[in-house]
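The values are calculated or read from the model by the stated rules, or taken from the named source; none is laboratory data. Computed from a prediction, not measured in an experiment: that's the story for all the values here. Methodologically, a virtual Cβ is constructed for each residue, glycine included, from the backbone with ideal geometry; neighbour enumeration extends over all protein chains shown. Keep in mind that these areas ignore ligands, DNA and RNA; they rest on the heavy atoms of the full protein, side chains included. Shrake-Rupley method; radii C 1.70, N 1.55, O 1.52, S 1.80 Å.
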Amino acid sequence: SGESGAGKTESTKLLLQHIMNLCKGNSQLEQQILQVNPLLEAFGNAQTVMNDNSSRFGKYIQLRFQRNTVQGAKLSEYLLEKSRVVRQDTGERNFHIFYYMFAGLSAEQKDMYGLLDPSLYRYISGRFGTQEVAEHWKHKYQEVCNALDMVGFQEQEQVDMQAILAGVLSLGNVTFEPEESNGSLKVSEASKGWLKAAAVKVDVLSQPVSCALLPCKAQSVSCCCSLCADARDSIAKVAYGRVFGWIVCKINELLAENVDPDVELREIGILDIFGFENFAVNRFEQLCINLANEQLQHFFNHHIFQLEQAAYKEEGLPWETITFNNNEPILNLLLAKPLGLLSLLDEQSAFPQATDKTFVDKLNSSFKGNLHFQPARGRVLGFSIIHYAGKVQYAARGFLEKNRDTVPASIRGLFINSVTPLLSVLFTGKVRKRFLLQDIAHVAVLWLDGLLIFLCPCQHSLMVLMERMYSANPHFVRCIKPNSQKEPGVLDNQVVLLQLRYNGLLETIRIRRDGFSWRPSFEEFAER
């Protein structure tokens, strides 16, 4: 764990390499486990203002051993930041794979996929890069192609996948205008070429965008255009999310252990999760990310302070209690039922007439006087939360729409009946459904209450992850960011000290120094 840009993903790769080396990792499986990283990073990582290769999803890697040899592995992913597909803030980019495709595809391949100059596409904000950067991306594209071959993707599957990505980019340029005869909406004349480019590659898109999106009677034209744009973006996000989930499933098929089911395997799990974020503008996605980090901090406190000191008291040892910054009140603010922030968000999302403003008004009235919540000043539509790592101001616009994250049923049906084989597979339920933010709320509330109930059958949910973590013997790797400028070899003392303080590492050092860090069994002690 650690801030965004602190080195979690790189540390994970080094740790994997180290484990494989200890296993004398020469087998094909062990090499494959190391080689899937370029694929995951291409589709799941992006440049942010804090990190040029930021993980925009969480991953949990399970390595399964028999007699100190890796027999199999499994990857679980959750909370992919799909909104990045359709919008990025200043200084940020879309997922790497889009840029790799533009740099790595030949002119003939681009023509086949209907790709034009990258500066024309709204979903990548017209930003591409220097020639030097393009050469780097071209090399990365080749790495991705090699990884796809190694994992076992068929040639047609790779073609279909890139066709879907190209279609997503073209779809982003589709705009809407009123029909003169009856006042309904239609695809604008200027963007019909983009719709055709998207429909050629993703044939289901032409119908829903032009006629099946949303009823717009008795609403203004601008409002209807906005609703249609939202539905267009929803199609793009869900298509990308399904492609990502499908890639993870294919990787797991490759890495699955081939042993007798009755043989008991031992396991090492590595969690590489997105770091705490505080940008100039923080949205729904940052709330999800920071909530996950709050839960991990609570898990850390539980093991390092609560269990440790409880063991000393149980043994009757003379011990002066070490206090720590308990973030349970913040988790209660976010997760309590029925008046926690997420419960109120779900409640408002269920009302068709509710807006982001009514949601914020509800928060302001419900959390008046709460030390960890601050209303926004003036007419700003937002609120602030005092997290364990500091104060974060959230812009509330889009919270309800992102929490609903709905795609019209008619569109799902068109996807299923697509003539593009991969699209049909992605929407027939063979790839797991996305993990909902609401599931996080249920998970955390149940853990805070000391209960373990499976609310979600999805085995990749955060609940299953937390169950594994609480039942295992955890080791914590705290990654510390040396400076805020992404510069090598520069150690900013104040930046480092702030992280040591809010992570509770100063108290951790004290409990390690004053406590009993070595715990031999009686047998080991007697033998010595």
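Values for this structure:
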{"quantity": "Mean separation of Cα contacts under 8 Å (6+ apart) over length of segment 116-181, as relative contact order %", "calculated": "43 percent"}
{"quantity": "Rh (Kirkwood; distinct C-alpha pairs) - segment 231-283, Å", "calculated": "15.5 Å"}
{"quantity": "Accessible area of residue 510 in the full protein assembly, 1.4 Å probe (Å², nearest 10)", "calculated": "80 Å²"}
{"quantity": "Modelled label reach - residue 136, point 7 Å along Cα→Cβ, segment 54-74 residues with backbone N closer than 15 Å", "calculated": "54"}
{"quantity": "Simple label model, 7 Å out from Cα along Cβ direction - residue 268 to residue 177, nm", "calculated": "6.2 nm"}
{"quantity": "Gain upon complete extension [residue 328, residue 190; 0.36 nm per residue less C-alpha separation]", "calculated": "44.3 nm"}
{"quantity": "FRET efficiency, residue 260 to residue 37 (Cβ-Cβ, R0 25 Å, nearest 0.05)", "calculated": "0.25"}
{"quantity": "Linear extension gain, residue 154 paired with residue 18, 0.36 nm per residue minus alpha-carbon span", "calculated": "45.8 nm"}
{"quantity": "Heavy-atom accessible area ranking, 1.4 Å probe, most first, across 356, 514, 272", "calculated": "514, 356, 272"}
{"quantity": "Above-threshold pairs, the threshold being 29 Å between Cα atoms, out of 250/337; 13/140; 337/486; 368/402; 8/337", "calculated": "250/337; 337/486; 8/337"}
{"quantity": "Relative contact order of segment 35-178, pairs being alpha-carbon contacts under 8 Å that are 6 or more residues apart, as %", "calculated": "24 percent"}
{"quantity": "Gained length - residue 107 relative to residue 361, 0.36 nm times residue gap less alpha-carbon distance", "calculated": "86.1 nm"}
{"quantity": "Residue 497 versus residue 380: modelled label distance in nm, points set 7 Å from Cα along the beta carbon direction", "calculated": "2.7 nm"}
{"quantity": "Summed residue charge, Cβ within 15 Å of residue 256's Cβ, Lys/Arg positive, Asp/Glu negative", "calculated": "-2"}
{"quantity": "Distance (nanometres) between label positions extended 7 Å along Cα→Cβ at residue 125 and residue 525", "calculated": "6.0 nm"}
{"quantity": "Burial order of peptide ranges 240-249, 301-310 (average beta-carbon count within 10 Å, highest first)", "calculated": "240-249, 301-310"}
{"quantity": "Cα-based radius of gyration of segment 1-96 once divided by 2.2 N^0.38 Å, which approximates compact folds", "calculated": "1.22"}
{"quantity": "Proximal aspartates and glutamates to residue 138, defined as alpha-carbon separation beneath 16 angstrom and excluding residues fewer than eight positions away on the same chain", "calculated": "41, 108, 117"}
{"quantity": "FRET efficiency for residue 350 and residue 518, using Cβ-Cβ distance with R0 set to 56 Å, rounded to 0.05", "calculated": "0.55"}
